[in-house]
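Right, one structure below, let's go through it.
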Amino acid sequence: SSADIKPQVFEQILRPALADLKGRCIFIGTPKGRNHFYDLYKMGLQGQEKDWKAWHFTSLDNPLLDPEEIEVAKASMSTFSFRQEFLASFEAPQSEIFKEDWVKVKDKDYEPSGGEYYMAVDLAGFEAVAANASNKKKHLDNTAIAIVKVEDNKWWVDKIDYGRWDIKEICERIIKHARNYDICRA
């Protein structure tokens, strides 16, 4: 699968080998997050390089697969795994243990009467760190702060706050959300 090859294989071996005869190359694979394969896919979508093209096909597009079998697979897989393997999604694997229907988005007209608010923070790479490391800024993820209300083992997502912030701003946002939602846990 093209998603498994290292960037150096194309850049240092395949691309130079294509040059003498103006050869072509087709990358085919199942996505595995947003890696080098994703970058190549984006190049084909953007149309900035005249010789680059991109297509996206899912298992649903395959007439040889029984749609009922796809539904059976969906019921027995995590949302992340199903999207990656059957929908060819480039999502990152952060939600691989949850099924989407386990989490509800809080409706503006309905708020669970009981339960407690919780905050989860997923810290991402900081721009200052990327500048001093070999990481490229384009691969930095956003920091995400999720505020959820939990009642009877159901999670109601109230707010998702995300962006690329420095440490000071992240701390300020955490404190603000903790005060606004009366979140106080040790």
Which of the strands (runs of 3 or more DSSP E) contained wholly in the stretch 89-186 include at least 1 residues that are open to solvent by less than 50 Å² (accessible area, probe 1.4 Å), modelled with pLDDT of 70 or more and within 30 Å of Asp61 (Cα to Cα)? none
Taking the stretch 38-53 and the residues there that are out of contact with any Lys or Arg (no Cβ under 7 Å at 6 or more places or on another chain) and part of a helix (DSSP H, G or I), the one that is surrounded by the fewest Cβ atoms within 10 Å (Cβ to Cβ) would be Gln46
Restricting the stretch 1-37 to residues that are modelled with pLDDT under 85, open to solvent by 40 Å² or more (accessible area, probe 1.4 Å) and assigned to a helix (DSSP H, G or I), the residue that is nearest to Leu87 (Cα to Cα): Asp4
If I go through the stretch 60-88 residue by residue, how many of them are within 30 Å of Leu18 (Cβ to Cβ) and either small (Gly, Ala, Ser) or outside any helix (DSSP H, G or I) (or both)? 2
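The values are calculated or read from the model by the stated rules, or taken from the named source; none is laboratory data. Since we're looking at a predicted model, the values are computed, not measured. Cβ coordinates were reconstructed from backbone atoms using ideal geometry, including for glycine residues, and neighbour counts include every protein chain displayed. For accessibility, only protein heavy atoms count, side chains too; no ligands or nucleic acids. Shrake-Rupley method; radii C 1.70, N 1.55, O 1.52, S 1.80 Å.
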